[in-house]
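Values in this text are rule-based calculations from the coordinates and carry no lab data. Please read all numbers here as calculations on a predicted model, not as lab measurements. Ideal geometry is used to build each Cβ from the backbone, glycine not excepted, and the neighbour counts take in all protein chains shown.
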Amino acid sequence: MDDIDLRSPAFVNHGRLPRRCAKNEGNVSPPLSWSDIPDEASELALLCESLDAAPGSCPLWLVTGIDPRRTGLDAGTGDPGSYEHRNGHGEDGWGGPIASDDEPRRYAFRLYALPAPVSLGHDVTSDAAREVLGRQSISQGILVGLY
């Protein structure tokens, strides 16, 4: 069901996220663009989560209510009228990764096309959000960045 083409002009799939995306380096969400949204989508949802975090972790970014006519988000912006949930740093909106001396960690950006508005709690975990969005979506796209 990965039919949405999700990309970023700032990094390639499985490439390194820009430094300014890190929590302690500017905390700016990366620019994203997408295509191939199904006509029957009534909203989009974007989830960014660490693929290496423990189960029950909070997302780096969860945005619901994105207009399906949009074709992307600029760096550091959300979608007017959308809802940015609380991130793993306890703040609303983007909460970038924190640098580590270990191997780079993997961060998945998932875009979901939904046939109806979705309801998720403000403090939803990545696991719960992914389960609900995956179950309700009619199409998805994924982009992985490293930091």
Q. With respect to the numbered conditions (1) surrounded by fewer than 16 Cβ atoms within 10 Å (Cβ to Cβ); (2) free of Cβ contacts under 8 Å to residues at least 40 places away in the same chain; (3) within 17 Å of Gly65 (Cα to Cα); (4) among the polar types (S, T, N, Q), which one is the sole condition not fulfilled by Thr77?
A. (2)
Q) Any idea which of (1) polar (S, T, N, Q); (2) loosely packed, with under 13 Cβ neighbours inside 10 Å; (3) in contact with an Asp or Glu (Cβ under 9 Å, 6 or more places away or on another chain) is the one Ser82 doesn't satisfy? A) (2)
Q: Could you tell me whether region 33-41 includes any residue that is surrounded by fewer than 17 Cβ atoms within 10 Å (Cβ to Cβ), touching a helix residue (DSSP H, G or I) at 6+ places or on another chain (Cβ under 6 Å) and farther than 10 Å from Phe109 by Cα?
A: no
Q | Members of region 34-43 that are out of contact with any Ser or Thr (no Cβ under 6 Å at 6 or more places or on another chain) and either touching a residue at least 40 places away in the same chain (Cβ under 8 Å) or over 15 Å from Ser139 (Cα atoms) (or both) | A | Trp34, Asp36, Ile37, Glu40, Ala41, Ser42, Glu43
Q) From the set of residues in region 95-127 that are crowded, with 21+ Cβ neighbours inside 10 Å and part of a strand (DSSP E or B), which is farthest from the chain's Cα centre (by Cα)? A) Leu114
Q. So which of Leu46, Leu6 is buried (at least 17 other Cβ atoms within 10 Å of the Cβ), under 17 Å from Leu146 (Cβ atoms) and touching a residue at least 40 places away in the same chain (Cβ under 8 Å)?
A. Leu6
Q | Flag for Gly93 being within 24 Å of Gly15 (Cβ to Cβ) and of a type in the set (Gly, Ala, Ser) | A | yes
